[in-house]
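Worksheet: one structure, shown below.
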Amino acid sequence: MKFNLLQPKRIFLASIFCVNLFPLAGWAVTVQEVPNPRKEYGGWVTDMAGILNDETEAQINQMISELEVEKGTEMAVVTVPETSPATSPKTFATELFNYWGIGKQGQDNGVLFLISVGDRRVEIETGYGVEAILPDAKVGNIIDTQIIPRFKQGDFAGGTLAGTQALIAVLNSEQSISENQVVYPNTQISPHNTDSGILIVLAGGGVLAVVVGSAIYASRPRKISLAPEGYTRKSQGNYTFLCANCQQPMAKVDKQRIQFYLSQPAVTAQKLGSVKFEGWQCLSCTQKQTGDKFHLVAQESRSSRFQQCPHCQELTVTRQQRTIQSPTEYSSGRQLITDQCHCCSYRYQYEEIIPPLPPSSSSSDSYSSSDNNFGGGSSGGGGAGGSW
Ligand SMILES: [Zn+2]
Ligand SMILES: [Zn+2]
Ligand SMILES: [Zn+2]
């Protein structure tokens, strides 16, 4: 997360100056000092070197979240200024992987994509559980073809994104191959587009008909009327936006274009995943006015992990919980709650009582939810590296 000083002034909310997410105390970083993105904000990316833009981080976080939901595979993307107290970037990667416990416990299906800018080195560390699908040679190939050439040109965001995409494509490949092998002998129903509820059917005469599936009735989008221009906030949901002037469905504006209109707190919230910003435009109305107007829609996450910053007026605060004293069956414990804004210096800490444990056999494991930590996987040092 870095400021792009070349970008024009962002409008909308008040323009408040914000500090960097990870103030670098010194150049040297130990494994223990790398902020765990699961605990920090429920994400997968920690950009200590400040080489990724917010858009790229948001994209990577989303891709890995989908991977984790579908396959259970956990992947962390970490950039550091240097790995120097460790004996080598590889050692640093293995130590960090095992310190965080990337991958599910017992499955060891974790991947760590580490970039050390000072060492000009990439290390991709893999757990045993993914080595069958993602052998070291394949990792090396992705590094050489997708990552290093871009890094050599100084395109860190592009190389990190391309590398992550390539790794995820391989990690997903088992599933997609078997899906694609499904053959529909006589009917010509496309297996695609089913999640959007639309099936394209080729009728006998070769006439193309579009059938809207009724099975997806429950998740049918809610229709919302929007003025061709404006700003609306809603809870995250499934919506279709109709133009308030002409009732026609609106079209989504290119993501790049809306970035220009976001304040720094809004950009931070977008990166954290607490708010999703989209631009919607009525093509027919906009054309008539020969303007370039759109309606900015902010969809707020329903997760209680995110709080509103009283200073930034945006969902830029994450809540972190640290146990000071574990509860037992007979006594309550204490935990320290830290609310921290990722955009400004706002920070609020307070202690909370943890009620005593129920007298059942529930183990300490039940406290580590996959939502706010890695799953406890380990690495035996598999993977590959490359220099640029
Ligand atoms: Zn319209
Ligand atoms: Zn703030
Ligand atoms: Zn701020």
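State whether one or more residues within the stretch 279-293 are within 16 Å of ligand 3 (Cβ to nearest atom), under 22 Å from Ile224 (Cβ atoms) and not in a loop (DSSP other than H, G, I, E, B). Lay out the reasoning, then the answer.
Initially, the stretch 279-293 is screened for residues within 16 Å of ligand 3 (Cβ to nearest atom), giving none.
So far as the stretch 279-293 goes, no, none of its residues is within 16 Å of ligand 3 (Cβ to nearest atom), under 22 Å from Ile224 (Cβ atoms) and not in a loop (DSSP other than H, G, I, E, B).
Taking the criterion of being under 13 Å from Gly273 (Cβ atoms) and crowded, with 17+ Cβ neighbours inside 10 Å, the residues of the stretch 300-313 that qualify are Glu300, Ser301, Arg305, Phe306. Hey, among the residues in the stretch 224-233 that are at pLDDT 90 or above and open to solvent by 50 Å² or more (accessible area, probe 1.4 Å), which one's farthest from Val297 (Cα to Cα)? Among residues in the stretch 224-233 that are at pLDDT 90 or above and open to solvent by 50 Å² or more (accessible area, probe 1.4 Å), the one farthest from Val297 (Cα to Cα) is Ser225. Please specify each residue of the stretch 230-270 satisfying the condition of being more than 16 Å from ligand 2 (Cβ to nearest atom) and part of a helix (DSSP H, G or I). Hits for the stretch 230-270 are Lys255, Gln256, Arg257, Ile258, Gln259.
Any idea how many residues of the stretch 39-79 are among the polar types (S, T, N, Q) and closer than 12 Å to Leu171 by Cα?
Initial filter on the stretch 39-79 (among the polar types (S, T, N, Q)): 46, 53, 56, 59, 61-62, 65, 73, 79.
This time we only want the ones that are closer than 12 Å to Leu171 by Cα, so: 73.
Result for the stretch 39-79: 1.
A search for C-beta distances below 9 Å between a residue of the stretch 158-187 that is under 30 Å from Asn53 (Cα atoms) and any residue that is at pLDDT below 85 and open to solvent by 40 Å² or more (accessible area, probe 1.4 Å), counting only pairs 6+ apart in sequence or on different chains, returns Ala169/Ser176.
Given the criteria without any contact (Cβ under 8 Å) to a residue 12 or more places away in the chain and part of a loop (DSSP other than H, G, I, E, B), does Gly118 qualify? Reasoning before the result, please.
Details: without any contact (Cβ under 8 Å) to a residue 12 or more places away in the chain: no; part of a loop (DSSP other than H, G, I, E, B): yes.
In short, no.
Every condition in (1) more than 24 Å from Thr30 (Cα to Cα); (2) part of a helix (DSSP H, G or I); (3) among the hydrophobic types (A, V, I, L, M, F, W, C); (4) open to solvent by less than 20 Å² (accessible area, probe 1.4 Å) holds for Met63 except the one numbered (4).
Among the residues of the stretch 257-271, not a single one is of a type in the set (D, E, K, R) and within 14 Å of ligand 1 (Cβ to nearest atom).
If a residue has to be closer than 22 Å to Ala166 by Cα and open to solvent by 10 Å² or more (accessible area, probe 1.4 Å) to count, how many in the stretch 76-106 make the cut? Of the residues in that region, 4 qualify.
Do the conditions hold for Gln247, that is, is it modelled with pLDDT of 90 or more and open to solvent by 80 Å² or more (accessible area, probe 1.4 Å)? If you could, list the steps in order and put the result at the bottom.
Details: modelled with pLDDT of 90 or more: yes; open to solvent by 80 Å² or more (accessible area, probe 1.4 Å): yes.
Considered against the rule, which asks whether it is modelled with pLDDT of 90 or more and open to solvent by 80 Å² or more (accessible area, probe 1.4 Å), Gln247 comes out as yes.
Just so you know, in the stretch 299-318 the residues that are at pLDDT below 90 and more than 17 Å from Lys271 (Cβ to Cβ) include one that is farthest from ligand 2 (Cβ to nearest atom), and it is Arg302.
Conditions (1) open to solvent by 40 Å² or more (accessible area, probe 1.4 Å); (2) modelled with pLDDT under 95, marked per residue:
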residue: Thr73; (1), (2): no, yes
residue: Phe113; (1), (2): no, no
residue: Asp119; (1), (2): yes, yes
residue: Ile143; (1), (2): no, no
residue: Val183; (1), (2): yes, yes
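For beta carbons closer than 8 Å, sequence separation of 6+ or different chains, a first residue in the stretch 83-97 that is within 20 Å of Trp388 (Cβ to Cβ) and a second that is outside any loop (DSSP other than H, G, I, E, B) and among the aromatic types (Phe, Trp, Tyr), the qualifying pairs are Thr83/Phe92; Ala86/Phe92. When Ser304 is tested against (1) in a strand (DSSP E or B); (2) away from ligand 1 (no atom under 16 Å from the Cβ), just one condition goes unmet, and that condition is (1).
The values are calculated or read from the model by the stated rules, or taken from the named source; none is laboratory data. Given the structure is predicted, the values throughout are model-derived calculations rather than measurements. Ideal geometry is used to build each Cβ from the backbone, glycine not excepted, and the neighbour counts take in all protein chains shown. These area figures cover heavy atoms from the full protein model, side chains too; ligands, DNA and RNA do not enter into them. Shrake-Rupley method; radii C 1.70, N 1.55, O 1.52, S 1.80 Å.
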